[in-house]
Amino acid sequence: MRSHCVKVLGTGSGIPEGRLTNNDLEKMVETSDEWITARTGIKERRIVKPHESAATLSLQAAWTALERASVSPSELDVIIVATVTPEMPFPATACILQDQLGATKAACFDLEAGCTGFVYALSVAEKYLRGGGGEKALIIGVETLSRIVDWQDRSTCVLFGDGAGAAVLGIADEPGVLATYLGADGRGGPLLELPAGGSRIPPTSETIERRLHYIKMSGNEVFRFAVKIMEEASREVLRRARVPIEDVDLFVPHQANIRIIDSAAKRLGIPRDRIFLNVQKYGNTSSASIPIALNEAWEENRIFAGDLVLLVGFGAGLTWGSALIRW
Ligand code: ACO
């Protein structure tokens, strides 16, 4: 009989080499290393070069994940790319990636769920495989946020960075993804948006002049929402999997702000040594944040076979999601 378990078979990342430190930002806007470090925990972020894009970062992450999973592109049944900064509005970045990988059998689509994109992709891919869609999936979270950040707005430009993370999932005989939980509240959409460039406000010289093609965010409101929802989403996925919080070996939260992570961890009673943190190195890379962190945790021997790993994220939409994985 066909197995109904889906496991993570391998992970990878695509990290641009270009670094932008807090000291560099001091020369661009009225800010300071002290302010950014104290308010966010971020010390530097990676920024793409002109020849890099969502597809180049995705490709790098994908090849590493495929190699580690010992899966060839021709075996992939589905590719999902989670992003708010796709290669272009269409075709989907997933289709561009499919062509570059030679993954001719795979169905492909992009998924947009703000910073929760990767957790959404994980949940959708797991259900697609379990529902009979095939044996192997490639899921990617990728962002080139430096292309949509307003470099004149100090309240947002210090927060974001670029990168990609990938995971290969496969049908397995033993449990992997134990439970997922996704949610959204569209009423909070205006708190974090990129107003122009879509069908409501198509691009014109006026929209460019009014800087409407850049990220707009109400930081305080997003902060309060994030702390509350990180706790709720963590508790809900644990409830669904019937696992007590003490059994979780590693928490891999969305890396937006160290203060958000610390506040949520305090509410949940999770000690720092069970939380993976890399926000200091990359800033908030939106959809790429959780898969980059997951991959780095594995590379740094923070995750071992059999460990319980909890992913939890929140983002534009507003959206949120969590996943509990037996590694
Ligand atoms: N440097 C120096 N001063 C600054 C900067 C800066 N870069 N940015 C803002 N300030 C100033 C403000 O102007 C304000 O000054 P004022 O008191 O004279 O008006 C003061 O610092 C305090 O500003 P606040 O916005 O109240 O600062 P806060 O402590 O809330 O921190 C921050 C701001 C870091 C943005 C915080 O609100 C936050 O992290 N929010 C969540 C953001 C987030 O996670 N977004 C991602 C969501 S996921 C996604 O989908 C992209």
Given the criteria away from the ligand (no atom under 16 Å from the Cβ), open to solvent by less than 30 Å² (accessible area, probe 1.4 Å) and part of a loop (DSSP other than H, G, I, E, B), does residue 169 qualify? no
Single unsatisfied condition, residue 288 versus (1) within 12 Å of the ligand (Cβ to nearest atom); (2) under 22 Å from residue 166 (Cβ atoms); (3) over 19 Å from the mean Cα position of the chain (by Cα): (3)
Matching residues in region 14-42 (among the β-branched types (Val, Ile, Thr), closer than 30 Å to residue 59 by Cβ and open to solvent by 30 Å² or more (accessible area, probe 1.4 Å)) number 2
Picking from 34, 30, the residue that is of a type in the set (Asp, Glu), assigned to a helix (DSSP H, G or I) and on the phi < 0 side of the Ramachandran plot would be 34
Conditions: (1) out of contact with any Phe, Trp or Tyr (no Cβ under 8 Å at 6 or more places or on another chain); (2) in contact (Cβ under 8 Å) with a residue 40 or more places away in the chain; (3) at negative phi. Residue 116 meets all but one. Number of the miss? (1)
Looking only at region 121-143, how many residues end up being open to solvent by 10 Å² or more (accessible area, probe 1.4 Å) and of a type outside the set (Phe, Trp, Tyr)? 9
Quick check on residue 152: is it assigned by TED's automatic domain parsing to the domain that holds residue 17, touching a residue at least 40 places away in the same chain (Cβ under 8 Å) and over 15 Å from the mean Cα position of the chain (by Cα)? yes
Verdict on residue 196 being open to solvent by less than 40 Å² (accessible area, probe 1.4 Å), touching a Ser or Thr at 6+ places or on another chain (Cβ under 8 Å), within 16 Å of the ligand (Cβ to nearest atom) and modelled with pLDDT of 95 or more: no
Does residue 59 satisfy the criteria of being part of a helix (DSSP H, G or I), open to solvent by less than 60 Å² (accessible area, probe 1.4 Å) and either touching an Asp or Glu at 6+ places or on another chain (Cβ under 9 Å) or without any contact (Cβ under 8 Å) to a residue 60 or more places away in the chain (or both)? yes
Among residues belonging to region 1-41 that are of a type in the set (Val, Ile, Thr) and near the ligand (Cβ under 9 Å from one of its atoms), point out the one that is farthest from residue 226 (Cα to Cα). 29
Would you confirm whether or not region 215-227 contains a residue that is open to solvent by less than 50 Å² (accessible area, probe 1.4 Å), within 16 Å of the ligand (Cβ to nearest atom), assigned to a loop (DSSP other than H, G, I, E, B) and in contact (Cβ under 8 Å) with a residue 12 or more places away in the chain? yes
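The values are calculated or read from the model by the stated rules, or taken from the named source; none is laboratory data. Note that the coordinates shown come from a computational prediction; the quantities given were computed from them, not determined experimentally. Reconstructed Cβ throughout: ideal geometry from the backbone, glycine too, with neighbour counts over all protein chains shown. Heads up: the accessible areas ignore ligands, DNA and RNA and are worked out on the full protein's heavy atoms, side chains in. Shrake-Rupley method; radii C 1.70, N 1.55, O 1.52, S 1.80 Å.
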